Every structure is written in C-alpha cells, then in structure tokens.
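Student: Once you've had a glance at the structure underneath, I'll fire off some questions.
The values are calculated or read from the model by the stated rules, or taken from the named source; none is laboratory data. Remember, it's a predicted structure, so these values are computed and weren't measured experimentally. Virtual Cβ from ideal backbone geometry, glycine too; neighbours counted across all protein chains shown.
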Amino acid sequence: MNRRHQAPWECIYRKEDKSDCKPGNRPRSDQKYFEILCLCLLQTGLNWGSIRKHWQKYKEGFYGFDIHKLSEAHAKALLKDPRVIKNPRKVEAIIHNARAFKKIKGEFGSFSNFLTSLQELGHQELLEALAKKFKHVGPYSAEYFLHSVGNGE
C-alpha cells in the first residue's frame with residue numbers, strides 16, 4: 001500500500017510487522033488532533049468497520065469532539081444519547097481527555113506545539129508521556145495515534 005492515509009481506519013500499520021503504511025497526514029487543527037485521539041480511544045476493543053459505520057453519529061453525539069462542550073456535566077446525558085457508544089469508561093475518558101487537551105492548549109498554545117516539545121524524548125518515553133496525559137490511552141494506542149497524525153516512526 002505504502003501511502004499516506006486520510007483516516008486511521010485506512011491504515012494498515014501493524015506494530016508487529018512494521019508494515020509499509022506511511023504515517024497519516026498531520027491535522028491542520030487542534031480540533032482534528034482531538035478527534036483522532038478520540039477515534040483511537042473508541043476503537044480500542046472494537047473493529048474499525050464498526051467505528052467507521054457509526055463514526056458520524058458518534059461525532060454528532062460527542063458534540064463534534066469540541067473540547068469546550070465536553071464536560072462532566074454532560075456525562076450522564078452522553079450515556080443516554082443513542083448516538084454515543086455505551087461504554088461509561090470510554091465516555092469518561094473522552095471527557096477527561098478534553099479537559100487535558102484544554103490544559104495542554106493553554107500551556108503550549110496548540111497541541112502541535114505540545115508534540116514538538118516532546119521531540120527530545122525517546123520513542124518509548126514519548127508513548128509513556130502520552131499515556132500518562134490521557135485516560136484510556138496506553139502505549140500501543142499512543143503509538144497508533146502518533147502514527148495516525150503523522151508523527152509515527
């Protein structure tokens with residue numbers, strides 16, 4: 001395949017076989033970075049076909065993944081929304097991550113600047129730093145996220 005992808009579900013990246021899939025395109029906005037982070041988080045434990053099929057309704061249900069609209073006050077309503085995945089841990093993680101994303105933007109000006117600030121870290125340290133910042137994101141999903149946003153090895 002050996003091409004850049006537009007969405008994570010187009011990616012054939014496999015950590016185990018170091019496939020030829022090139023990293024995704026860098027998002028042009030913080031909003032898109034957060035959406036892709038949520039996409040990687042929601043996909044964990046599910047298959048891409050299911051996520052792709054329901055992506056538009058998830059996006060609508062989660063207020064377009066707008067970090068300013070996602071808060072603890074919306075958690076119960078989100079779980080009742082038929083457009084939202086019914087996993088309380090994932091909903092809680094998205095809300096937590098929206099708060100973390102706001103904090104990062106306040107501190108670094110943009111998420112892209114934040115990623116740039118981590119360039120001095122080794123690959124494993126970078127994955128661990130992202131996993132510590134965001135809930136329901138482990139080292140593997142952090143690696144997949146970075147690959148999806150054009151920061152992969």
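Condition check ((1) crowded, with 16+ Cβ neighbours inside 10 Å; (2) at pLDDT 85 or above) across all residues:
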residue: 6; (1), (2): no, no
residue: 17; (1), (2): no, no
residue: 22; (1), (2): yes, no
residue: 33; (1), (2): yes, yes
residue: 40; (1), (2): yes, yes
residue: 46; (1), (2): no, no
residue: 49; (1), (2): no, no
residue: 57; (1), (2): no, yes
residue: 67; (1), (2): yes, yes
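Student: Does region 73-92 include one or more residues that are assigned to a loop (DSSP other than H, G, I, E, B), surrounded by fewer than 16 Cβ atoms within 10 Å (Cβ to Cβ), at pLDDT below 95 and among the small types (Gly, Ala, Ser)?
Tutor: There is no residue in region 73-92 that is assigned to a loop (DSSP other than H, G, I, E, B), surrounded by fewer than 16 Cβ atoms within 10 Å (Cβ to Cβ), at pLDDT below 95 and among the small types (Gly, Ala, Ser).
Student: Which residue out of 106, 64 is part of a helix (DSSP H, G or I) and at positive phi?
Tutor: Residue meeting the stated conditions: 64.
This table checks each residue for (1) more than 21 Å from residue 30 (Cβ to Cβ); (2) among the charged types (D, E, K, R); (3) out of contact with any strand residue (DSSP E or B) (no Cβ under 7 Å at 6 or more places or on another chain).
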{"position": "57", "(1), (2), (3)": "yes, yes, yes"}
{"position": "62", "(1), (2), (3)": "no, no, yes"}
{"position": "80", "(1), (2), (3)": "yes, yes, yes"}
{"position": "88", "(1), (2), (3)": "yes, no, yes"}
{"position": "92", "(1), (2), (3)": "yes, yes, yes"}
{"position": "97", "(1), (2), (3)": "no, no, yes"}
{"position": "107", "(1), (2), (3)": "no, yes, yes"}
{"position": "121", "(1), (2), (3)": "no, no, yes"}
